[in-house]
Amino acid sequence: NAGVTQTPKFRVLKTGQSMTLLCAQDMNHEYMYWYRQDPGMGLRLIHYSVGEGTTAKGEVPDGYNVSRLKKQNFLLGLESAAPSQTSVYFCASRRDNLAKNIQYFGAGTRLSVL
Amino acid sequence: RKEVEQDPGPFNVPEGATVAFNCTYSNSASQSFFWYRQDCRKEPKLLMSVYSSGNEDGRFTAQLNRASQYISLLIRDSKLSDSATYLCTVNSGGSNYKLTFGKGTLLTVNP
């Protein structure tokens with residue numbers, strides 16, 4: 001059981017380039033999330049989805065877009081990468097909104113924008 | 001007031017020590033509480049949920065004080081393998097669709 005899988009694991013971009021980060025979960029979870037983690041800032045929510053075909057903005061959505069065309073996949077796009085987007089990106093999923101249900105995280109994507 | 005605030009740390013303790021982490025949250029409507037553990041350069045993983053009556057899992061004890069909006073984690077008989085960052089986590093905005101994480105407290109257990 002793979003759980004939450006993120007691809008790629010590492011990426012280096014030049015300023016202005018675009019890329020898509022893929023998150024896939026095989027637990028049939030309804031909720032999916034994208035976070036970024038920076039030193040001293042903790043985990044910050046970028047976008048999230050409460051079901052197939054839905055997306056919503058989190059705490060720091062600017063410069064990112066997302067899509068959830070299939071329940072198992074949640075894509076994070078950077079249309080024009082900036083050095084400020086250098087970070088570690090984590091995807092997470094959660095079964096539903098019951099209070100007791102926890103979030104499971106992917107292994108992360110380390111992105112550097114030069 | 002930030003939504004979730006933790007002890008800034010870092011904590012450096014010898015093996016066998018008892019260490020406690022504290023966390024406060026601002027939204028009184030929050031319903032779910034967790035402690036996550038994050039190893040260096042790894043993803044966060046659930047350590048334990050926090051229940052109203054308090055709960056224990058081996059050497060780990062979690063407490064919740066709703067009146068004071070306070071959560072704690074106690075680690076007894078610290079092991080080298082306990083070295084990690086501990087993240088206090090609550091659901092946010094009075095709903096259950098997303099969790100808010102504290103910035104984390106770094107623990108280093110020394111031999």
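The values are calculated or read from the model by the stated rules, or taken from the named source; none is laboratory data. For clarity, every value in this text was computed on a predicted model and none was experimentally measured. Neighbour counts run over all protein chains shown; Cβ positions are idealised from the backbone, glycine included. To get the accessible areas, we keep the full protein, side chains included, count just its heavy atoms, and leave off ligands, DNA and RNA. Shrake-Rupley method; radii C 1.70, N 1.55, O 1.52, S 1.80 Å.
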In order through the range A:48-54: 3J(HN,Hα) via Karplus (6.51 cos²θ - 1.76 cosθ + 1.60), integer Hz, x for Gly, Pro: 8, 9, 9, x, 3, x, 10
Averaged over B:97-105, number of beta-carbon atoms from partner chains that fall within 10 Å: 6
Calculated Rg and Dmax of the range A:26-77 using C-alpha coordinates, Å: 11.2, 34
Gap separating the Cα centres of the range A:1-54 and the range B:23-68, nearest whole Å: 23
Selected from B:R59, B:R37, B:R76 as most flexible by GNM, with chain B as the system and alpha-carbon contacts under 10 Å: B:R59
Cysteines in chain B lacking a second Cys C-beta under 4.7 Å: B:C40
Global size of the protein assembly as shown as Cα Rg and Dmax, reported in angstrom: 17.6, 52
Cα-based equivalent ellipsoid, chain A: semi-axes from gyration tensor eigenvalues, Å: 23, 14, 13
Accessible surface, 1.4 Å probe, highest first, among residues B:C40, B:C88: B:C40, B:C88
Area hidden from solvent between A and B (accessible, protein heavy atoms only, 1.4 Å, total, Å²): 1700
Accessible surface ranking that places the most exposed of B:E15, A:E79 first, with a 1.4 angstrom probe: A:E79, B:E15
Long-range HN-HN contacts of B:Q31 with modeled amide H, under 5 Å: B:N91
Dimensions (Å) - the range B:59-111, Cα atoms, principal axes, largest first: 42, 20, 14
Derived scalar couplings ³J(HN,Hα) [the range B:71-77; Karplus, 6.51 cos²θ - 1.76 cosθ + 1.60; whole Hz; x for Gly, Pro]: 10, 9, 9, 10, 10, 9, 6
Principal semi-axes in Å for chain B [√(5λ), Cα gyration tensor, largest first]: 24, 14, 12
Equivalent ellipsoid semi-axes, the range A:55-106, via Cα gyration tensor eigenvalues times 5, rooted, Å: 23, 13, 10
3J(HN,Hα) from dihedral phi, the range B:11-22, Karplus parametrisation 6.51/-1.76/1.60, rounded to Hz, x for glycine, proline: 10, 10, 10, x, 3, x, 6, 9, 9, 10, 10, 10
Amide N proximity, the range B:1-28 versus B:D77 label position 7 Å along Cα-to-Cβ, cut-off under 20 Å: B:13-21
Estimated inter-spin distance, B:E3 and B:Q31, nm [label 7 Å along Cα→Cβ]: 1.6
Solvent exposure, largest accessible area first (probe 1.4 Å, DNA, RNA and ligands not counted), of A:T109, A:T5, B:T100: A:T5, B:T100, A:T109
Extension gain from A:F10 to A:V88, taking 0.36 nm per residue of separation minus the Cα-Cα distance: 27.2 nm
